[in-house]
Amino acid sequence: MSDSTPAPDRRNFVTKAAAVVVGGLISVVAPVAGLFTVLDPLRRKTDTRGLVKVASFAALPENGEPRKFPVLDTLIDAWNKTENVPVGSVYVQRTGDGQVRVLNSVCPHLGCSVGFAAGNRGFFCPCHRSSFALDGAIADPKSPSPRGMDELEAVVKDGEVWVKFQNFRKGSPDKIPV
Ligand code: FES
């Protein structure tokens, strides 16, 4: 009659081999996991997604002419919280009673700063001559910008204009948050 139980030497060999494999895996995985933990704050995006106050509604001309305002936000990562950091700028216009339109001032073509031509003649980017209407739409079809200026979500609360500031991918016909 044959015995299928492995001999003690064979069992010891299998146990030792398994220990070596498991030990090897742990010695590879642990340092990699530790590296991810240390680098995690660097991989995380800075938090600028809340509403930020950019202007007083009373400061906006009644004729709808845009005014440019800096956007200051609180940046938070795993190590620091820094307040009043400039993260961009916006054009704010009155569009009605307690209503506003807010446009990111960055040109969607390649990211230059768009200027405003006084007298409500619209916006103009000096870098490659894109022009935009007051509502941010492309005014001149020859403009190289692939889309109009990026409108941002905004609310007027207690006489102040609050904006959900966001940047978008440049050079794309689609408004893709970055
Ligand atoms: S960056 Fe504005 S037109 Fe090119």
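The table that follows gives values for the structure above.
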| read-out | value |
| --- | --- |
| Potential lengthening between residue 167 and residue 137 on full extension [0.36 nm per residue; Cα-Cα distance subtracted] | 9.1 nm |
| When segment 51-164 is reduced to its Cα atoms, the Kirkwood hydrodynamic radius in Å | 14.7 Å |
| Estimated distance in nm for a label pair at residue 155 and residue 84, the labels positioned 7 Å out from Cα along Cα-to-Cβ | 2.5 nm |
| Estimated FRET transfer efficiency (residue 72, residue 99; beta-carbon r; R0 30 Å; 0.05) | 0.80 |
| 30 Å Cα-Cα reach of residue 164 towards lysines, excluding residues that sit fewer than 8 places from it in its own chain | 45, 53, 68, 81, 175 |
| Simple label model, 7 Å out from Cα along Cβ direction - residue 129 to residue 112, nm | 1.1 nm |
| Part-to-part distance (alpha-carbon centres) for segment 132-168 and segment 90-113, which is given in Å | 4 Å |
| Net dipole in debye of segment 51-164 [+1 Lys, Arg Cβ; -1 Asp, Glu Cβ; about Cα centre; nearest 20] | 320 debye |
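None of the figures in this text is laboratory data; all of them are computed from the coordinates on show. Bear in mind that the values here come from a model prediction, so they are computed numbers and not experimental data. Cβ: placed from backbone, ideal geometry, glycine included. Neighbour counts: every protein chain shown.
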